[in-house]
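Asker: There's a structure below that I have some questions on.
The values are calculated or read from the model by the stated rules, or taken from the named source; none is laboratory data. For clarity, every value in this text was computed on a predicted model and none was experimentally measured. Don't worry about glycine lacking a Cβ; one is built from the backbone with ideal geometry, like all the others, and counts go over all protein chains shown. With ligands, DNA and RNA removed, areas are computed over all heavy atoms of the protein, side chains included. Shrake-Rupley method; radii C 1.70, N 1.55, O 1.52, S 1.80 Å.
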Amino acid sequence: MGADVVFDFNQHDVVEEIKHITGGRGVDVAIEALGTQATFENALRVLRPGGTLSSLGVYSGKLSVPLEPFAAGLGDHKIVTTLCPGGKERMRRLTELVRQGRLDLTPLLTHTFPLDRITEAYQHFGERREGVIKIAIRP
């Protein structure tokens, strides 16, 4: 999907690996899109001083900003939160890219459910069952 470097968190200490490839400096921007406390904290841990964490994950529980990863507020970090800025227009443009074949999102689709089982699909996604990433709903 265009990434230069990918780490499997089951096989690597992702924070350590990112610190290593950045020479210990950390990254300018970290994007947290999974929506878990652990990924949020790790995204904070890999920021350089003055770095920005863009948090667009959907958190299903309580989220806290822990003192140590946030450098006790002294790291000059910025946390930006958002959910799909641009709303309908952004979705329209994204859908058009997919329709034209310019963007293939099928590698992200891990499960498919019929529309009459949409409640089950949401539960499956919410509980992160069976390695779910994205679910397609069939009419």
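Asker: How much accessible surface does R93 have with a 1.4 Å probe, in Å² rounded to 10?
Answerer: 130 Å²
Asker: Which of the three applies to region 1-52, rounded, prolate or oblate, going by the alpha-carbon gyration tensor with a ≥ b ≥ c and a/c under 1.5 meaning rounded?
Answerer: rounded
Asker: So how far apart, in nm, are the two label points at R138 and D104 if each is 7 Å from Cα heading toward Cβ?
Answerer: So the label points at R138 and D104 sit 2.1 nm apart.
Asker: Per residue, how much accessible surface does the chain expose to a 1.4 Å probe? Answer in Å², no decimals.
Answerer: Spelled out: the 1.4 Å probe surface of the chain, per residue, equals 72 Å².
Asker: Let me ask something additional. Of the labelled options (i) 1.09; (ii) 1.31; (iii) 1.21, which one gives Cα Rg over 2.2 N^0.38 Å as computed for this structure?
Answerer: Computed from the coordinates, Cα Rg over 2.2 N^0.38 Å corresponds to (iii).
Asker: Across region 46-56, in residue order, what do the Karplus-derived ³J(HN,Hα) couplings come to in whole Hz, using 6.51 cos²θ - 1.76 cosθ + 1.60 with θ = phi - 60° and x for Gly and Pro?
Answerer: For region 46-56, the Karplus curve yields 8, 6, 6, x, x, x, 10, 9, 9, 9, 10 Hz.
Asker: Using a simple spin-label model with points 7 Å from Cα along the Cα→Cβ vector, what separation in nm is obtained for R25 and A3?
Answerer: 2.2 nm
Asker: Between T82 and D116, what FRET efficiency comes out of the Förster formula 1/(1 + (r/R0)^6) with R0 = 22 Å and r the beta carbon distance, rounded to 0.05?
Answerer: My answer for the efficiency is 0.10.
Asker: OK, next. Quickly work out the L97-to-Q11 label distance, labels modelled 7 Å from Cα along the C-beta direction, and quote it in nm with one decimal.
Answerer: Going from the Q11 label point to the L97 one covers 2.8 nm.
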